[in-house]
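In what follows, a structure is listed as structure tokens, so that the remarks can point back to it.
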């Protein structure tokens, strides 16, 4: 369920594993505004989650400093005094607040375990999976497409399931690294014919929406799908109606538009994040496809 507390603050409620989770999003999750000076030490009545999309920052919690790099997530429990003491010039830092309550007395032990874990700050290192889900949530907020609230609700279910697993299962410092299985070559044709189409479409959307665009290659996508490159080309063409290279170009431009709409990053930094080797290459591609220069596009969006 979604409701607006005021124009720039949205509250969402999620039920998961016997817990009632309330999330409060402000404009901060949709638009990055780098602080001009360290924030003032403060506390909250709910938990705060910081995630670093780019650069580096230092958060001070009590008397201890926590240095966060890209894809790190810092959890600060309610009542813990904290502030952001340092932020690198290229940093893109987001945060939001959440609280959870047991649905019944039967679920109280799980609630108590989580509160115990959050009695001190928790730094989760290199959480690419969690960060990918948060990135998708930010995109939904920014684009505000039809049924965006239902999509965000589903993504929050996924995110909190991942987060609770990190908090309750292994220690944060010993989280296992993701692994992949590369099936034998002779299985490729049988997989392509027998695996439901939704398997491919889910991986395709995740690949283009979540993966750093600089790393997106046909060979890597083929590995994710457990198919050969020729079959992978056919799957991409059947699903998107365009070639792999064309879809890659579209993805780069969509990402650059999203960054221009939701951040104050310089255009050169946006070109780099969108996967272009130089600003000129980004400028030429953007102008040729949209009929506007990047500056003209950003100016037209800020006037709305």
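The values are calculated or read from the model by the stated rules, or taken from the named source; none is laboratory data. Here the structure is a predicted model, which is why all the values come from computation and not from measurement. Cβ placement follows ideal geometry from the backbone for every residue including glycine, while neighbour counts extend to all protein chains displayed.
Observations
- Subset of the range 144-178 [surrounded by fewer than 15 Cβ atoms within 10 Å (Cβ to Cβ) and at pLDDT below 75]: 144, 145, 169, 170, 171, 173, 174, 176, 177, 178
- Checked against (1) modelled with pLDDT under 85; (2) not in a loop (DSSP other than H, G, I, E, B), residue 34 meets all criteria but (2).
- Applying the set (1) part of a strand (DSSP E or B); (2) modelled with pLDDT of 85 or more to residue 79 leaves exactly one unmet item: (1).
- Residue-level analysis places residue 296 outside the set of residues that are under 21 Å from residue 217 (Cα atoms), without any contact (Cβ under 8 Å) to a residue 12 or more places away in the chain and not assigned by TED's automatic domain parsing to the domain that holds residue 143.
- Given (1) free of Cβ contacts under 8 Å to residues at least 60 places away in the same chain; (2) over 24 Å from residue 135 (Cα atoms), number of the condition residue 104 does not satisfy: (1)
- Selection status of residue 187, surrounded by 14 or more Cβ atoms within 10 Å (Cβ to Cβ), modelled with pLDDT under 80 and out of contact with any strand residue (DSSP E or B) (no Cβ under 8 Å at 6 or more places or on another chain): no
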